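The values are calculated or read from the model by the stated rules, or taken from the named source; none is laboratory data. Just so it is clear, the structure is predicted and the values come from calculations on it, not from any experiment. Cβ atoms come from the backbone with ideal geometry, glycine included; neighbour counts cover every protein chain shown.
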Amino acid sequence: GIILQPEAIPGLTITADYYNIKVEGAINAPTPDDVIAACFNNASTDNPACSQIGRSPIDGGLSGDNQVVSGLNLFTSNAGNLATDGIDFSVSYGHAISDSVDWDTRLSGNWTNSATFQAQTGVSLNRECVGLYSANCASIQPEFTFNWRNTVSFDKFNVSLNWRYISGNSYELNDSDTAFVGVADNLTREFDFGNTKPYHLFDLSVRYQVMENVSVTGTVSNLFDKHPPLTGSFIGATGFNSGNTYPSTYDTLGRRFNVSARISF
């Protein structure tokens, strides 16, 4: 890592940290593609992968009563591998605009160079999941993310605006796979489930110092009521893709208000 505090610009601090993390023997479950490919590449009754696909005894399908049709049984093991590398960075600067007004800014972000996932060593595909979403890549790992907060302080007030950014992502396609693009039935809006655009959110907060040990803060999260991108309910596992989007990555609650008070002793 590195920390820079140039004497020529008092109040400026720049940091950058490179990380490279590898986990062997990770507890994971095979992805749906792992099980299906392993079975169909060597279809036989004694193939363990085929035994993980619980079909209907009536028509061989994968739909029906889950007490009878178990579907894909993704059992966990400690034979997985995880690896990621990238850079965490931050830039902060404080400056007195006048005798009574101060300005502080801080940018904190991350660039992910690689994030690979292999559910089972020697069996599963070693997948690169940066900027991709699918049933195989689970939660989204954007290539770029950052938070940029600017705060102006004057008299007894602090006014702060925070900008949250997530870079665009794409559906992890198979050779013959495709994501829906077009206009759905009874709707006029066009959807592209194969891509999500760069995502911007803004939060506004105002703090008032009532007295030396009492302050009140009002916050508007998602100031412009930005909606999450729609990816369709068939892309990704339910644990990550719920309600046609990825709620662990994108804001699904919309604009909301919060008021808090702080008392120190």
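Of all the residues in segment 25-47, those that are surrounded by 13 or more Cβ atoms within 10 Å (Cβ to Cβ) and more than 19 Å from Ala135 (Cβ to Cβ) number 1. State whether one or more residues within segment 102-112 are assigned to a loop (DSSP other than H, G, I, E, B), charged (D, E, K, R) and over 28 Å from the mean Cα position of the chain (by Cα). Checking segment 102-112: not a single residue is assigned to a loop (DSSP other than H, G, I, E, B), charged (D, E, K, R) and over 28 Å from the mean Cα position of the chain (by Cα).
Of the residues that sit in segment 143-167 and are assigned to a loop (DSSP other than H, G, I, E, B) and at pLDDT 95 or above, which one is farthest from Asp225 (Cα to Cα)? My answer is Glu143. Quick check on my filter: what residues within segment 190-218 are within 14 Å of Arg262 (Cα to Cα) and out of contact with any Gly (no Cβ under 9 Å at 6 or more places or on another chain)? Passing the criteria: Gln209, Val210, Met211, Glu212, Asn213, Val214, Ser215, Val216, Thr217, Gly218.
Val91 meets the conditions (1) closer than 30 Å to Asn113 by Cβ; (2) modelled with pLDDT under 80; (3) surrounded by 14 or more Cβ atoms within 10 Å (Cβ to Cβ) in every case but one. The failed one is (2). Scanning segment 197-212 for residues that are of a type in the set (Lys, Arg) and under 14 Å from Val152 (Cβ atoms) returns a single hit, Arg207.
Condition check ((1) more than 23 Å from the chain's Cα centre (by Cα); (2) assigned to a loop (DSSP other than H, G, I, E, B)) across all residues:
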| residue | (1), (2) |
| --- | --- |
| Glu7 | yes, yes |
| Pro10 | yes, yes |
| Ile27 | no, no |
| Pro30 | no, yes |
| Val35 | yes, no |
| Cys39 | yes, no |
| Ser44 | yes, yes |
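Scanning segment 189-216 for residues that are more than 14 Å from Asn169 (Cβ to Cβ) and of a type in the set (A, V, I, L, M, F, W, C) returns Phe191, Leu201, Phe202, Leu204, Val206, Val210, Met211, Val214, Val216.
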